[in-house]
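See below for the structure under consideration.
The values are calculated or read from the model by the stated rules, or taken from the named source; none is laboratory data. All figures in this text were calculated on a predicted structure; none of them were measured in a lab. All Cβ positions, glycine included, derive from the backbone under ideal geometry; neighbour counts span all protein chains shown. The protein model used for the area step is the full one, side chains on, heavy atoms only, and it has no ligands, DNA or RNA in it. Shrake-Rupley method; radii C 1.70, N 1.55, O 1.52, S 1.80 Å.
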Amino acid sequence: MSEMKLPNQVYRLRQADFGAIPGSPWVYWVSKNVQQIFSSYQSLSEVAEPKQGLATADNMRFLRFWWEIPIQSIDFSCRKQESSHFSHKKWFPCMKGGSFSKWIGNQEYIVNWFENGKEIQNFFGSSGKLASRPQNTEYYFREGITWSLISSKGPGFRIIPPGWIITHKGPGIYFPTTTSISQALAILNSVAISGLLSLISPTMGFEIGQLSLLPWPNLEGSSLDRLSKPSNSSIWLSRWLETKKDASIDFAIPLSWHDGSNEVNIIRQKLMDLEKQINREVYQLFEINQEDQAFIETDLAGGGLVTATENDGLMGADEEETAQPIFINQEDIAGDWLSYAIGIILGRFQPGSPGALGSAIYRRTDFAIGSLPEPSEEEFNELVGDPSQFAYIDEQGGRHVFSRQVEDALRKLALPDGIAVFDPTHPRDLPSLVSKALELMLGQAQAQEVIQQAAGGDLRKFLEKDFFTQHHIKQYRKRPVYWPIQSAKRSYGFVLFHEKIDRNTFYALQQEPYLPTKRRAVQLRLEELGKKALTAQGAARKPIEKEMDELRQLGEELAQFAKDLDAITRGGYEPEADWIDDGVILRMAPLWSVIPLWKSEPKKYWEELAAGKYDWSRIAMHYWPERVKQACKKNKSYAIAHGHEEWFIGN
């Protein structure tokens with residue numbers, strides 16, 4: 001056939017041309033040079049091992065958010081699968097996909113892998129077949145790279161630090177020890193790889209089989225620094241952002257009150273500049289010319305994605321892929337400072353204690369993740385600020401945001417048993433203590449600015465309801481760490497730090513100096529006003545009668561609150577230490593009647609507990625022992641969970 005000029009938007013290709021790209025996608029508009037990348041370079045599967053990980057088959061039972069368990073009860077030190085068998089700890093960190101995030105992040109989950117996952121490995125379905133899939137266990141705890149299987153913005157490759165377990169929703173790519181993880185991460189996060197991946201996977205799904213087919217450049221003779229240095233910096237910057245997130249396992253301190261938004265914008269701009277540098281280097285590695293670079297960036301990377309959804313049942317559909325906000329405003333920062341102050345008061349955050357949550361200390365060693373080196377002194381200054389910007393430097397080089405005097409004062413405000421109260425006359429009054437903590441950290445003027453911005457100036461009213469309903473419960477994905485225990489109209493109540501709750505806590509609330517003291521104060525005030533009312537005349541009598549009426553209503557509310565608390569303790573709510581393994585929501589479930597601002601969620605789980613849905617839990621064993629023992633006879637995994645494998649006799 002003679003050559004003829006084709007009109008614009010019309011392409012002529014041989015059928016064999018489509019076979020150049022794995023899967024032979026109908027991508028007729030792609031240049032021959034881009035097609036040949038797939039045949040000219042080795043595939044990712046030839047230089048690395050992409051692996052799918054653990055599928056528990058019951059995430060509600062076997063997975064937790066890391067904040068549901070005391071951090072000291074999580075084993076971050078395991079480095080190979082065999083070692084987990086000898087760990088005395090039950091919980092291990094695991095990767096589980098999540099929202100789009102590059103370099104580092106989405107480190108939210110832990111998994112019950114006690115005794116090498118004995119419960120999971122004995123979790124059989126009703127058919128008698130193993131329900132869980134503990135696959136590729138030899139790769140557990142190894143350093144690698146993970147990504148989000150489903151995302152509208154791309155896979156978002158992130159480092160897997162040593163000590164983490166991969167899952168089927170949080171898979172891993174493992175390279176030989178001779179390959180720099182930092183360098184590999186840079187290549188995977190490049191726009192070139194994003195564009196090439198879109199040819200293999202035009203939807204929002206990025207499965208292992210598709211990633212395995214990606215072309216991989218020859219790195220021999222290339223300069224490691226040209227990729228690893230910007231990659232290292234990107235990981236460090238992303239880690240810095242994690243230190244500002246209250247719910248992050250790396251949390252140190254909230255963003256600067258006056259300059260936080262600007263700090264985030266600067267970090268994001270630095271990340272963009274570093275990624276542009278990485279993109280240029282990866283284009284050179286693949287020998288992609290400028291014309292094809294433009295094509296990849298405009299037509300391939302991030303474009304043409306087909307809608308898909310994911311939800312594995314642990315969280316609601318609206319929570320599975322919770323994205324981070326693009327813009328940070330002053331209200332967000334103010335809410336974070338209030339949350340930080342509450343955490344200090346309740347003993348969760350410990351400013352001035354190296355390695356603790358909310359330490360308000362920056363250490364170079366905290367940024368040495370796996371094989372990634374710690375930043376140099378100069379790089380660290382660029383990352384967190386010059387030493388002169390900090391209150392003091394400790395003997396190990398840790399840079400402290402607060403002075404020793406402020407750190408000591410904050411420690412003295414902390415409540416050892418994690419019980420705070422809503423009562424302006426009480427020394428444990430939460431709004432008063434939060435206000436003091438903010439003033440210590442920010443000064444009086446800035447503390448008032450925070451309260452005004454977050455709470456509209458009324459800190460007490462905000463903490464009694466809106467802090468929980470609008471901020472904390474959402475931030476902690478319906479697994480709150482601070483529990484509001486209140487009377488029906490929220491006129492009186494407590495805030496408890498869940499890790500500190502023990503078998504004596506709810507008895508303590510019913511004793512001096514808490515509920516009985518408050519009820520007696522109300523009664524004494526009523527008696528006092530009653531005497532005044534006897535002698536008051538006319539208009540002077542009306543405000544007295546109004547206050548007396550309000551106090552009578554409060555007295556009735558407190559009386560009912562006392563009955564509700566008594567019913568809870570009489571009903572057997574005496575949490576043992578191992579109840580915490582059941583997770584936040586099951587431990588809250590028996591308390592639904594005294595959580596008026598969020599009653600429906602705990603009540604739903606209480607009803608499901610009563611129906612036998614969670615008979616693997618300690619709480620179910622405590623309330624319904626005979627039923628649970630019968631379930632253990634037929635379910636080996638349940639019997640193991642309760643420490644009585646001998647109860648299992650089979651179907």
Problem set entry | Bins of 10 Å from zero: percent of alpha-carbon pairs in the range 165-293 | 11, 33, 36, 18, 3
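Averaged per residue, what accessible area in Å² does the range 476-527 show with a 1.4 Å probe, protein chains only? Can you show the working numbers first?
Details: 2120 Å² over 52 residues.
Ligands and nucleic acids excluded, the figure is 41 Å² per residue.
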Seminar exercise, completed: Amide H proximity to residue 157 below 5 Å, modelled H, separation 5+ or other chain, gives 103
Exercise. Does anyone have the angle between helix 330-345 and the longest principal axis of the chain? Alpha-carbon axes, 0 to 90°, nearest 10?
Worked result: 60
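Just want to confirm a number: the relative contact order over the range 110-167, from Cα pairs under 8 angstrom separated by 6+ residues, in percent.
On the way: 61 pairs, mean separation 14.7, N = 58.
With pairs under 8 Å counted, the relative contact order is 25 percent.
Can you give the Kirkwood hydrodynamic radius for the range 468-563, in Å, rounded to one decimal and based on Cα pairs?
Working: mean 1/r = 0.0637 Å⁻¹.
One over the average 1/r among Cα pairs gives 15.7 Å for the range 468-563.
Expressed as a whole percentage, what fraction of the accessible surface of the range 409-513 belongs to carbon and sulfur atoms when a 1.4 Å probe is rolled over the protein heavy atoms?
On the way: 2060 of 4340 Å².
That share works out to 47 percent.
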Exercise. At 222 nm, what helix-only mean residue ellipticity would the chain give, in deg cm²/dmol to the nearest 500, using -39500 (n - 2.57) for each DSSP H run of four or more?
Worked result: -11500 deg cm²/dmol
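Translational diffusion coefficient of the chain at 37 °C, 0.692 mPa s, Stokes-Einstein with Kirkwood Rh over Cα pairs, in µm²/s as a whole number. Spell out each step's value before the answer.
Values: Rh = 27.8 Å.
Diffusion coefficient, whole number: 118 µm²/s.
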Problem set entry | Residue-wise HN-Hα coupling along the range 187-200, computed from phi with Karplus coefficients 6.51, -1.76, 1.60 (Hz; x: Gly, Pro) | 4, 5, 8, 6, 5, 4, 5, 4, x, 5, 5, 5, 6, 7
Exercise. Gap in Å between the Cα centre of the range 514-556 and the Cα centre of the range 58-116?
Worked result: 54
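Only Cα pairs under 8 Å and at least 6 apart count here; give the relative contact order of the chain as a rounded whole percent.
Working: 1030 pairs, mean separation 72.3, N = 651.
Taking the mean separation of contacting Cα pairs over the length of the chain, I get 11 percent.
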Exercise. Say each of residue 124 and residue 521 gets a label point 7 Å from the Cα, pointing the same way as Cα to Cβ; how far apart are those two points in nm?
Worked result: 5.9
Exercise. So who's got an amide H within less than 5 Å of the one on residue 124, skipping anything under 5 residues away but keeping other chains? H placed 1.01 Å off N, in plane.
Worked result: 131, 637
For this session: Could you list which residues have their amide H under 5 Å from that of residue 144, counting only those 5 or more apart in sequence or on another chain, with H placed in the peptide plane?
Result: 160
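Round to a whole number: what % of the accessible area of the range 21-137 belongs to carbon and sulfur, probe 1.4 Å? Let's see the in-between values first.
Details: 2440 of 4970 Å².
Carbon and sulfur together cover 49 percent of it.
Could you work out the Rg to Rh ratio of the range 551-595, with Rh taken as the Kirkwood radius (inverse of the mean 1/r over all Cα pairs)?
Numbers: Rg = 13.2 Å, Rh = 11.9 Å.
Ratio value, two decimals: 1.11.
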Problem set entry | For the range 343-384, the fraction of alpha-carbon pairs in successive 10 Å shells from zero, as % | 28, 39, 26, 7
Exercise. Rounded to the nearest 5, what % of the DSSP beta bridges within the chain are antiparallel ones?
Worked result: 85
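If you build the convex hull over the alpha carbons only and average its shadow over all orientations, what do you get for the range 344-420? Give it in nm² to one decimal. Present the calculation step by step, with values, prior to reporting the outcome.
Details: hull surface 23.4 nm².
Here the figure is 5.9 nm², rounded to one decimal.
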Problem set entry | the range 537-651 - Rg (one decimal) and Dmax (whole number), Cα, Å | 21.6, 81
For this session: Can you grab the distance from the C-alpha centre of the range 466-503 to the C-alpha centre of the range 362-433, Å, no decimals?
Result: 24
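Taking N as the number of residues in the range 79-134, what is its Cα Rg relative to 2.2 N^0.38 Å? Don't jump to the answer; show the numbers that get you there.
Values: Rg = 14.0 Å, N = 56, 2.2 N^0.38 = 10.2 Å.
That works out to 1.38 for the range 79-134.
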Exercise. By how many degrees, 0 to 90 and rounded to 10, does the Cα axis of helix 430-442 deviate from the longest principal axis of the chain?
Worked result: 50
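Which percent of the accessible area of the range 340-385 is formed by carbon and sulfur heavy atoms (probe 1.4 angstrom)?
On the way: 670 of 1560 Å².
Here carbon and sulfur together make up 43 percent of the probe-accessible area.
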Exercise. Can you give the angle from 0 to 90° between the axis of helix 541-570 and the longest principal axis of the chain, with both taken from C-alpha atoms, to the nearest 10?
Worked result: 60
Problem set entry | Note, ³J(HN,Hα) from phi for the range 525-537, Karplus 6.51, -1.76, 1.60, rounded to Hz, x at Gly and Pro | 5, 4, 5, 4, 5, x, 5, 5, 5, 5, 9, 6, 10
Problem set entry | Distance between the range 189-234 and the range 27-57 - C-alpha centres, whole angstrom | 9
